[in-house]
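Only one structure is covered here, and it is reproduced in the block below.
The values are calculated or read from the model by the stated rules, or taken from the named source; none is laboratory data. Because the structure is a prediction, the values reported are computed rather than measured. Reconstructed Cβ throughout: ideal geometry from the backbone, glycine too, with neighbour counts over all protein chains shown.
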Amino acid sequence: MSKDKLWGGRFTQPTDKFVEEFTASIQFDKRLYHQDIRGSIAHARMLGKQGIIPLEDVEQIVSGLRKILEQIEAGEFDFSISLEDIHMNIEARLSAAIGEAGKRLHTGRSRNDQVALDIRLYLRDEIVEITTYIDLLIDSLLNQAEANLDTLMPGFTHMQTAQPILFAHHMMAYVEMFKRDKGRLEDCLKRVNVLPLGAGALAGTTFPIDREYVAEQLGFPAITRNSLDAVSDRDFALEFLSDASILMMHLSRFSEELILWSTSAFQFIELSDGFCTGSSIMPQKKNPDVPELVRGKTGRVYGNLMAMLTVMKSLPLAYNKDMQEDKEPLFDSIDTVKGSLKIFADMIREMRVKSENMAKAAGQGFSTATDVADYLVRKGLAFRDAHEAVGKAVAYCVEKQTDITDLTLAEWQLFSDKIDNDIFACCTVAASVNARNIPGGTARERVCAEILKVRAGN
Ligand code: ARG
């Protein structure tokens, strides 16, 4: 009957079997076992210190919980659907093992503040782990940047050749993105790292608890300041899911470039065999599965953010069972982001750069046309007039099926009498790149300095 339930007192009929399954969260929240036990130990110690429960009970509770932890980690713990969630599975097992003392553990606490605590403890560790994966990826990018300080490539806008850049500069653009992702997660961590325990079901508790003591034991620098908010707030999870979405968006853009660069049309890079698969019909195929999947998984991480925002959007204060739906999207995004970062760090480290192909492409598509316009500005022309003159030169080349780098001085002078012999040195790809010697520019010197700065932790 309902007497096996920890909340069974006011019930006379058993729970419908399917309802039991439908309402349970143990299938997925068992992942929180470590945090749940850690939180319970801190809570029990506080209850003992405050004289709310006997100290002998605290000792029994702590050793009982430690045993349960060992059992779970040894795979010897039988999780039960009828005990609904991780909190009641552990508490019921504790009471079964140690009797009366176990039944005192939940004094001055509710599952509502307990679950908020567990998620915060869990997410806190995961965020720290994710930032270490970001560091690994940044390190791979820095290695590629260092190895490619002389690798020229075409930079694109509208996917059309725009201006030559260094491949190192391109890699460092991603370093900037992932550094921001790390910063966002570190900022999110500040709001995750607040102790909600003590809020009780919603209004606080009648017992003289010491929340600061619990916070100290669990390493929380702050405690929540409103009990209603403490149990109904999932902003910290939403923030994480938003940060995860932006991070995946970055990985997805990178994936798209890797896929494009490995096509036979581009041939800018080759991903190592370990990160690709073949086709069951076309013998020549080497498919960039890893970046394709990361691009695809970005969709589910966005979906998790949308799911969670939608779960929360019309919930009245305080806790509502809807909020049990917070865990699967959160866990899924954590797993997806970690996996994607880890595989990317390795893939980028092993990526082979085909610098000759890149350099060749860098000189195509009139990529140094802006340099000629700038040259004319330095010779006294207004930029708009310079732009017009070079535009005409490009149209002339298109017509003649030639390149601006192949024009003779006489041909150049058809477009401006300010053009002299020094034009030839200014419109090479290498000159174009090195001329962009301003902070944030693609000149070798600048990119080198950026790499050193990031390596030094700035
Ligand atoms: N399993 C629940 C959850 O994940 C724990 C909190 C349940 N609270 C309650 N009042 N039913 O949200």
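Structure values in brief
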| read-out | value |
| --- | --- |
| Residue within the stretch 300-311 that is in a helix (DSSP H, G or I), at pLDDT 95 or above and farther than 30 Å from Asp235 by Cβ present | no |
| Residues satisfying the stated conditions in the stretch 366-407, i.e. surrounded by fewer than 16 Cβ atoms within 10 Å (Cβ to Cβ) and small (Gly, Ala, Ser) | Gly380, Ala382, Gly391, Ala395 |
| Residue within the stretch 144-159 that is of a type in the set (A, V, I, L, M, F, W, C), in contact (Cβ under 8 Å) with a residue 60 or more places away in the chain and in contact with a Ser or Thr (Cβ under 9 Å, 6 or more places away or on another chain) present | yes |
| Considering residues of the stretch 324-365 that are polar (S, T, N, Q) and part of a helix (DSSP H, G or I) only, the residue farthest from Ala431 (Cα to Cα) | Gln324 |
| Yes/no for Ile269 being closer than 29 Å to Leu152 by Cβ and among the β-branched types (Val, Ile, Thr) | yes |
| Odd one out for Asp118 among (1) of a type in the set (D, E, K, R); (2) under 25 Å from Gln50 (Cα atoms); (3) free of Cβ contacts under 8 Å to residues at least 40 places away in the same chain | (3) |
| So Ala265, is it at pLDDT 95 or above, of a type in the set (A, V, I, L, M), loosely packed, with under 12 Cβ neighbours inside 10 Å and at negative phi | yes |
| Tally of residues being surrounded by fewer than 16 Cβ atoms within 10 Å (Cβ to Cβ), at pLDDT 95 or above and either of a type in the set (A, V, I, L, M) or touching a Pro at 6+ places or on another chain (Cβ under 8 Å) (or both) across the stretch 408-429 | 3 |
| Qualifying residue in the stretch 145-156 (condition: touching a strand residue (DSSP E or B) at 6+ places or on another chain (Cβ under 7 Å), among the aromatic types (Phe, Trp, Tyr), surrounded by fewer than 18 Cβ atoms within 10 Å (Cβ to Cβ) and over 26 Å from Gln50 (Cβ atoms)) | yes |
| Any hit, the stretch 92-109, residues being under 32 Å from the mean Cα position of the chain (by Cα) and closer than 26 Å to Phe220 by Cβ | no |
| Filter result for Leu117 (out of contact with any Cys (no Cβ under 9 Å at 6 or more places or on another chain), over 30 Å from Asn226 (Cβ atoms), within 12 Å of the ligand (Cβ to nearest atom) and of a type in the set (A, V, I, L, M, F, W, C)) | no |
| Test for Ile86: is it within 21 Å of Gly200 (Cβ to Cβ) and more than 16 Å from the ligand (Cβ to nearest atom) | no |
| Any chance Tyr122 is part of a helix (DSSP H, G or I), within 16 Å of the ligand (Cβ to nearest atom) and buried (at least 16 other Cβ atoms within 10 Å of the Cβ) | yes |
| Test: residue in the stretch 252-264 that is touching a residue at least 12 places away in the same chain (Cβ under 8 Å) and either assigned to a loop (DSSP other than H, G, I, E, B) or within 16 Å of the ligand (Cβ to nearest atom) (or both) | yes |
| Any hit, the stretch 42-63, residues being away from the ligand (no atom under 16 Å from the Cβ), buried (at least 18 other Cβ atoms within 10 Å of the Cβ) and closer than 29 Å to Val337 by Cβ | yes |
| Residue that is nearest to the ligand (Cβ to nearest atom), among those in the stretch 7-30 that are surrounded by 14 or more Cβ atoms within 10 Å (Cβ to Cβ) and of a type outside the set (Asp, Glu) | Ser25 |
| Looking only at the stretch 203-244, and only at residues there that are in a helix (DSSP H, G or I) and in contact with a Ser or Thr (Cβ under 8 Å, 6 or more places away or on another chain), the one that is surrounded by the most Cβ atoms within 10 Å (Cβ to Cβ) | Ala244 |
| Positions within the stretch 104-113 being more than 7 Å from the ligand (Cβ to nearest atom) and either under 17 Å from Ala237 (Cβ atoms) or in a helix (DSSP H, G or I) (or both), in sequence order | Arg104, Asp113 |
| Sole exception among (1) more than 14 Å from the ligand (Cβ to nearest atom); (2) out of contact with any helix residue (DSSP H, G or I) (no Cβ under 7 Å at 6 or more places or on another chain) for Asp4, by number | (2) |
| Phe275 closer than 18 Å to Tyr133 by Cβ, surrounded by 15 or more Cβ atoms within 10 Å (Cβ to Cβ), in contact (Cβ under 8 Å) with a residue 12 or more places away in the chain and within 16 Å of the ligand (Cβ to nearest atom) | no |
